[in-house]
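What follows is a short report on a single structure.
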Amino acid sequence: MMHGALAPSDYLVIAPVAICLLFGAALLMMRKRIDWQPWLAIPGFLLLFAADVLLLLKVAAEGPQTMMMGNWKPPFGIAFTVDMLGALFVTTAGFVGVASAIYATFSMSRTERRYGFFPFMFLMMGGVSGAFLTGDIFNLYVWFEVLLMGSFGLLILGSEREQLDGATKYCFLNLVATTLFLITTGYLYGVVGTLNMADIAQKAARLENDGAVLTIAVLYLVAFGMKAAAFPLNFWLPASYHTPRFVVSALFAGLLTKVGVYALIRVLLMLFPPQHADLATLISWVAALTMLVGAFGALAQSDMRRLLNYFVIAGIGTIFAGLALTGGEGGASATVSAASAATQAGGTAPMTGMAAAAAPLVPGSDSLVIGLSGAVFYALHSIVIMTALYLAAGTAARISGSSSLRAMGGLWRARPGLAALMLVFLFAVSGLPPFSGFWPKVILVRGAFQAGMPWLGAVILLTGFLMTVASARVFALAFWRNAPEPAVAGGPNAGFAPAGEPSPMLAMLPLLILAVFAVVAGVLPQWLVALTDVAARGIVDPAGYVGSVFGGVS
Amino acid sequence: MAEIEATTGGILALALPFVAAALAPILKRIIGAHAAWVLALAPAAAFAILFSFLPEVSSGGVVQFGFDWIPAFDVRFSFRIDGLASTFGLLITGIGTLIILYSGGYLKGHRDQGRFFSFMLMFMGSMLGLVLADDLMTLFVYWELTSITSFLLIGFDHEREKARRGAIQALAITGGGGLALLAGFILIRELAGLNSMTEVLAAGDALRTSPYYLPIFILVLCGAFTKSAQMPFHVWLPNAMEAPTPVSAYLHSATMVKAGVYLLLRMQPALGDTALWTTVLPAFGAVTLVMGALLAVRATDIKITLAYTTVSSLGLLVMLIGVSTEYALIGAVLYLIAHSLFKGGLFMVAGSVDHGAHTREIDRLGGLARHMPITFAAALLCALSMGGITPFVGFLAKEEIYHALEYGDAYHIALMAAAILGNALMFAAAFIVALKPFVGKLPETIDHPHEGGFTIWFGPLVLGVLGLLGALFYETYHALFSGPMASATYGQPVEIDISFVPHLNLAFALSLATIALGIVIYLASNGVRAATSRFLASVGWGPDHGFDQAMRGLLRFSYFVTNRLQSGRLDYYMTITVIAITAALFVPMILGGALPAEPQMPQLRLPEWLVLALILVGIVAVVVAKNRLTAIVSLGIQGFGTALIFMLLGAPDLSFTQFMVETLSVVILALVMTRLKLSPADHRPLREKLPDAALALAGGAGFAVFLLSIVQRPFDPALSDFFEEYSYAIAHGKNIVNVILVDFRGVDTMGEIAVVMTTGLAVLALIRIRVGRRAKAQPDPMETTP
Amino acid sequence: MRTVIFRFTAPYLTALMVLFSIFVLLRGHNDPGGGFIGGLIAASALAIYGIACGVAAVRRALWFHPMAISASGLFLAVVAGIFSVFAGTGFMTGLWVFPKIFGTEVALSTPLIFDIGVYLVVVGGIASIALALEERESD
């Protein structure tokens, strides 16, 4: 009605979701054809990734894209609106989806495929993609539900006792978060009378000092913070992520928490900027504690997978640190937060004093944009690297017959290729150069200094240090040390490599693909920085987003 | 033109070691240990390229090249070759060439030799990048690369626990210091606006007078001190001796440990010569110098002895840089070059001795001179330089150092005393390593001592001879190497005229005194060793022990915190969650003034009152229910009440759906409950139930109060109006609910049916796979076995 | 439960309920009803049939696995949305045709196809759960 006839390329906006649901449904229809499943699933994920990349290119070239579902004019119909932020997240998700699908082909048992591994995975990816692409807050909730159910299905495949225990905690706590999201959306609808996010952004801007809007913002912070596993609502993650199959853990660790982060950025930063500024101090504390809980938790673990669980949390803390920074250029909120940081920093008085004076020193830069850009970069890095780490840990555990650091060993000699890749991922997750984790950390520390929160920068670096120590420990024990003794009678390979086992080189392929990102984003980060910068600016000033929904007129 | 050549040449020099590193494993596989000859060409070529810049650099010029790396943050991949970088670069590539050859012989037949070459060359490339880098971020990336590659090198003998510990320790200390340095660099970049070393050096007093001087100073020092092994961060260095000897020779002579010294020299013109600088650096340096030398004499393993003398030498260098005067810096530069030559040589000698006699214990060595004459010659050449005897470069350095410290005030006297004591101890240590194993009687424990091959003795001999030539041709030496380096360090051109010919002055007298003291210590070395050991044993605690304690403490703290937080109990998690949600409701509501006005008594019809009563009954029944099954059914009553409300409000679709959903959930929940075999009821005493009840009430009240507050606001009915208006007109449906479901908000429904389908599949999987598993009897240890 | 009368009447009851569910589905656009409720009714019908005559009989009668039916519903629903590509309008735009079949104007539309998809998903999903649970009880 509003828009003229659409070109085929316009359908890219909905394509990722449609592809996931169609493939998920189709694979479920031919559930019994177990051997066909991977050969349909892998092309499906490749198609999804291709659509994601094309969408990213389109957004990069033409700016935010909107398609109104059912052709109903905004804000009445559901809008799918893709800006750079959504496009980057969805593309990265598609990327790890491809890698995980290939990996799953070699690692999932027939029973698990029969009970719908690939359909679950497609549905979860559909939920994830939908969440990244939708421009309607209730629809966002729907995609949250889709991905929650998909992930629940993946979580229980195998039905071991420990798994069910983890799944119960996962399900209960996530349901609480999702329900809170729904209730809060109800409140929000009561206040602004609309569900379209571009519309909400405009209407909420007129309600700056409204206590109800502040309450809604805090409720969203709690709901999405819980989804993202931010302290003190992170319990469900270490309780459940180590229980399913490695490839499932990998997908979860890469994607699910990041959907929470994405939603938080989209809702808190884009829809409620003044409320976000009020909450910045709170978020900075959450960020710092999440980072430390993650880093210390990782040090406390003696099982590789549990350790990785805590790496996920530390990463979430780092991302939150980027969301805690408020505008550095003069704005009232910035001075407030700098002052409050000064009171908190206490011991580091000279640093704080200096940083408070920092804003005028660097003209033309806005720590809000820097922080957000760093957070997005870090989130994308974390999606890829956490997936890669779990997949690599899975292969390592397959070879050693255990994922306990006490039982693993000798992999440096047995599998140098795997060891080298693992080392790349461990250094990347610790934020060491020249890998993908380094630059976002630099950006975030830089932003923290500029925003007058040097203590937050210090916590980011301290976390990096602790993670480096934890990583070195993992590597020394599981890879360098000789295997303590064969974990299973008949040597560490017993029970493995049954006849027809596909070549391990092929199983290394997904790791290799992911490592390419770790290195390219570390050595040549400019393209990615440019993209995340566009994404951050699009959130801080959503004019392009709003314009894409309502057209140039309104 | 010249600039383009500089770029090509410079980038080539920087890339060559990495290219060689990539090729090393393949080459090793094809031509075995001879790969060393081919691989050594890479650092040799880099050396030649750097040498070609020498005419320009030695005349005070600066070669610069690079390109934009991350324009978004003004990060450039840029390099700057001045006197300091040039001399460092030549040492790195020159000694690197010899080391690669040496490794070819030393690790001949080792199964991981290819890997070793690879790590070594990567380290070389990182170190070269570090000293040539101009942009601060470029420098830092190379800085961390040296930490990473040295981690791999120290842990090379990865099957031994000590090697692993040494590697982790080195990574933790130097990596941790690196993070402090990163913070310092970011401060310099963001707050002082200086992006590169060129800018830092051109900024004059900008950093010294800036309000951020103190934090920048502390952070840069943290980086430099950890890397350059100043007390108490020195512990990683002796432990790094677990690496194969070529690594020790390389890392602890020209490179890794000098990175911190390099940084201090590099930033001296911008950060140095403040009260803080001239106090802190000499203090740390002097303590490190004396302690390092004492520990060196105490050690019985000649490699460990050398390691501690390295610590000691680094202390001396830091002390001199801290003094910040022209003479002190000249002394530092001269000593640094001399140290690189003789220490590299001595480490290789230690390796040769190990290789030839199969032990490094000083007590079990002796009389090797006859069997290993070339090694002995090389050892003596290096030791003479280290001992500061003319005509060797070590002599030039020591003269200059004493010259720099010969002032009458307490500050200089104290430092002079430290320098003399430290030098004397190092003199003794030098000859313990270079003389003792070769003279006296050959112990019977040594079986067939033999000279290693050409590659093994070639390196130390070249370095020993270079130490001699540098002093003999001191004018060329000063003109090409030490002079430009000192000028770059001091920030303005300096003249060095020190020669190998001794002049009768105070410095020479002190030099003689040092040697005399050194000889005494050498002769009494057994006594000194015993005394030091006794003293250290009486202290009982050292930084190395402290590192272990810190690590253990860190782990214990982690366990404690994590176990506290992650108790594994769902009820605890839920409690925290509900507290968070309740706080999120009330705190902003009260602070933001969003509390509702006192509500009016609602005007309801009788059926509505009845339904409300039904819901209340249901809720009360849930709470008082004796067992869980009753509670679930009672929960259903509440749900049916809600369905009735929908009915009363004229939405039969919703009402009916709600009915069906409630029924199904009750049935499924009941089935799941019976299957989970939970205890049928909550048996906790009231005392434990009450807090939960209070929390639940508070949370519920929060939602209710906020809802009241929301419904008291004017509502914008645009959406519902639109749906009513267009449901039939455009969407051809009179049933608005259905039109919303399948058309207006069809995509929501699409998601929801996906949820329904997934739930169905998940429940099926949950029920079925267990049946399947029971049939599959054998245990399945692997999580992912196909 | 499995009384003779019940077993005898259940097939007829089921058939009636399924017919009714289709009726509810089709009239949904203008009167109370629709795919969701229709699906629930049909699923209940199958559950009753299962209780009366055993799960195996239901599975035979259905021919396809309930989950496959459910999946086909989702597939159909998404395809209904994709139809709008041919019209060049936004995803899931309602497209209507009003052909005359035997002289009566019949309203065919993509929302109707979508609603049928909803119906199938609900029938399949709920029936799958119900049958699986019934099977377990009889183990």
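The values are calculated or read from the model by the stated rules, or taken from the named source; none is laboratory data. No experiment lies behind these values; they were computed from the predicted model shown. Positions of Cβ are generated from backbone atoms using ideal geometry, with glycine treated the same way; all protein chains shown enter the neighbour counts.
The helices (runs of 4 or more DSSP H) located wholly in segment B:494-604 that include 2 or more residues which are under 35 Å from the mean Cα position of the chain (by Cα), away from chain A (no Cβ under 14 Å) and over 30 Å from B:GLY60 (Cα atoms) occupy B:525-539, B:543-565. Would you check if B:LEU555 is modelled with pLDDT of 85 or more and not assigned by TED's automatic domain parsing to the domain that holds B:PHE659? Against the criterion (modelled with pLDDT of 85 or more and not assigned by TED's automatic domain parsing to the domain that holds B:PHE659), B:LEU555 qualifies. Could you tell me which residue of segment B:153-162 is nearest to the other protein chains (Cβ to nearest Cβ), considering only residues that are in a helix (DSSP H, G or I) and surrounded by fewer than 23 Cβ atoms within 10 Å (Cβ to Cβ)? Step by step, filter segment B:153-162, then rank; the result is B:GLU161.
Quick check on my filter: what residues within segment C:63-97 are in contact with a Pro (Cβ under 8 Å, 6 or more places away or on another chain) and either of a type in the set (S, T, N, Q) or surrounded by 24 or more Cβ atoms within 10 Å (Cβ to Cβ) (or both)?
Start the filter on segment C:63-97 by keeping residues that are in contact with a Pro (Cβ under 8 Å, 6 or more places away or on another chain), which leaves C:71, C:80, C:85, C:94.
Selection gives C:ALA71, C:ALA80, C:GLY94.
When segment A:182-197 is limited to residues that are out of contact with any Lys or Arg (no Cβ under 8 Å at 6 or more places or on another chain) and more than 10 Å from chain B (Cβ to nearest Cβ), the one that is surrounded by the most Cβ atoms within 10 Å (Cβ to Cβ) turns out to be A:THR185.
Counting residues in segment C:17-37 that are within 8 Å of another protein chain (Cβ to nearest Cβ), surrounded by 16 or more Cβ atoms within 10 Å (Cβ to Cβ) and on the phi > 0 side of the Ramachandran plot gives one or more. A:GLY127 - would you say it is at positive phi, surrounded by 24 or more Cβ atoms within 10 Å (Cβ to Cβ) and not aromatic (Phe, Trp, Tyr)? Spelling it out, it is not the case that A:GLY127 is at positive phi, surrounded by 24 or more Cβ atoms within 10 Å (Cβ to Cβ) and not aromatic (Phe, Trp, Tyr). Within the option set B:HIS371, B:HIS403, B:HIS355, being surrounded by fewer than 18 Cβ atoms within 10 Å (Cβ to Cβ) and touching a residue at least 60 places away in the same chain (Cβ under 8 Å) holds for one residue only, B:HIS371. In the condition set (1) farther than 22 Å from A:VAL90 by Cα; (2) away from chain B (no Cβ under 13 Å); (3) within 18 Å of the chain's Cα centre (by Cα), A:PHE231 is compliant with all but (2). Scanning segment A:127-178 for residues that are under 28 Å from A:PRO75 (Cβ atoms) and of a type in the set (Ser, Thr, Tyr) returns A:SER129, A:THR134, A:TYR141, A:THR178.
Note on segment A:27-54: among residues that are touching a Gly at 6+ places or on another chain (Cβ under 9 Å), of a type in the set (A, V, I, L, M, F, W, C) and buried (at least 20 other Cβ atoms within 10 Å of the Cβ), the one that is nearest to the other protein chains (Cβ to nearest Cβ) is A:LEU28. Residues considered: A:VAL261, A:VAL247. Of these, the only one that is crowded, with 24+ Cβ neighbours inside 10 Å, under 22 Å from A:SER129 (Cβ atoms), β-branched (Val, Ile, Thr) and modelled with pLDDT under 90 is A:VAL247. Would you confirm whether or not segment A:115-123 contains a residue that is under 27 Å from A:LEU511 (Cβ atoms), modelled with pLDDT under 85 and either more than 9 Å from chain B (Cβ to nearest Cβ) or crowded, with 23+ Cβ neighbours inside 10 Å (or both)? Yes. How about segment B:163-203: which of its residues are under 14 Å from B:SER147 (Cα atoms), among the polar types (S, T, N, Q) and either facing chain A (nearest Cβ under 10 Å) or not in a helix (DSSP H, G or I) (or both)? B:GLN169, the sole residue that qualifies. Taking A:GLY409 as the residue in question, decide whether it is over 15 Å from A:THR387 (Cα atoms) and either of a type in the set (Lys, Arg) or crowded, with 21+ Cβ neighbours inside 10 Å (or both). Against the criterion (over 15 Å from A:THR387 (Cα atoms) and either of a type in the set (Lys, Arg) or crowded, with 21+ Cβ neighbours inside 10 Å (or both)), A:GLY409 qualifies.
Filtering B:MET750, B:MET757 for residues that are facing another protein chain (nearest Cβ under 7 Å), closer than 29 Å to A:MET149 by Cβ and touching a Pro at 6+ places or on another chain (Cβ under 9 Å) leaves a single hit, B:MET757. Any chance segment A:68-79 includes a residue that's facing chain B (nearest Cβ under 9 Å), more than 17 Å from the chain's Cα centre (by Cα), part of a helix (DSSP H, G or I) and closer than 25 Å to C:ILE82 by Cα? Yes, because at least one residue in segment A:68-79 is facing chain B (nearest Cβ under 9 Å), more than 17 Å from the chain's Cα centre (by Cα), part of a helix (DSSP H, G or I) and closer than 25 Å to C:ILE82 by Cα.
Conditions (1) in a loop (DSSP other than H, G, I, E, B); (2) in the same structural domain as A:PHE296 (by TED's automatic domain parsing); (3) basic (Lys, Arg); (4) within 30 Å of B:THR575 (Cβ to Cβ), marked per residue:
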residue	(1), (2), (3), (4)
A:PHE181	no, no, no, yes
A:ALA204	no, no, no, no
A:GLU208	yes, no, no, no
A:GLY225	no, no, no, yes
A:ALA230	yes, no, no, yes
A:PRO238	no, no, no, yes
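If I filter segment C:74-85 for residues that are facing chain A (nearest Cβ under 10 Å), touching a residue at least 12 places away in the same chain (Cβ under 8 Å), of a type outside the set (A, V, I, L, M, F, W, C) and farther than 18 Å from A:ALA7 by Cα, do I get at least one hit? There is no residue in segment C:74-85 that is facing chain A (nearest Cβ under 10 Å), touching a residue at least 12 places away in the same chain (Cβ under 8 Å), of a type outside the set (A, V, I, L, M, F, W, C) and farther than 18 Å from A:ALA7 by Cα.
The numbered conditions (1) charged (D, E, K, R); (2) over 22 Å from A:LEU6 (Cα atoms); (3) buried (at least 24 other Cβ atoms within 10 Å of the Cβ) are all true for A:ASP136 except (2).
Only a single criterion out of (1) more than 24 Å from A:ALA18 (Cβ to Cβ); (2) within 10 Å of chain B (Cβ to nearest Cβ); (3) touching a Leu at 6+ places or on another chain (Cβ under 8 Å); (4) of a type in the set (A, V, I, L, M, F, W, C) is not satisfied by C:ALA71, namely (1). The residue that is nearest to the chain's Cα centre (by Cα), among those in segment B:104-147 that are buried (at least 24 other Cβ atoms within 10 Å of the Cβ), aliphatic (A, V, I, L, M) and within 10 Å of another protein chain (Cβ to nearest Cβ), is B:VAL141. Of the helices (runs of 4 or more DSSP H) that lie entirely inside segment B:364-434, those containing 2 or more residues that are hydroxyl-bearing (Ser, Thr, Tyr) span B:373-387. The single residue among A:ARG398, A:ARG446 that is within 10 Å of chain B (Cβ to nearest Cβ), closer than 19 Å to A:LEU512 by Cα and among the charged types (D, E, K, R) turns out to be A:ARG398. Considering C:GLY73, C:GLY81, C:GLY90, the condition of being in a loop (DSSP other than H, G, I, E, B) and not aliphatic (A, V, I, L, M) is satisfied by C:GLY90 alone. Assess whether A:LEU6 counts as being within 26 Å of C:GLY94 (Cβ to Cβ), at pLDDT 90 or above, at the interface with chain C (Cβ under 8 Å from one of its Cβ atoms) and surrounded by 15 or more Cβ atoms within 10 Å (Cβ to Cβ). Here the answer is no, as A:LEU6 does not meet what is asked.
Only one residue in B:ILE590, B:ILE515 is surrounded by 12 or more Cβ atoms within 10 Å (Cβ to Cβ), among the aliphatic types (A, V, I, L, M) and in contact (Cβ under 8 Å) with a residue 40 or more places away in the chain, so which one is that?
Just a single option satisfies the conditions, and that option is B:ILE515.
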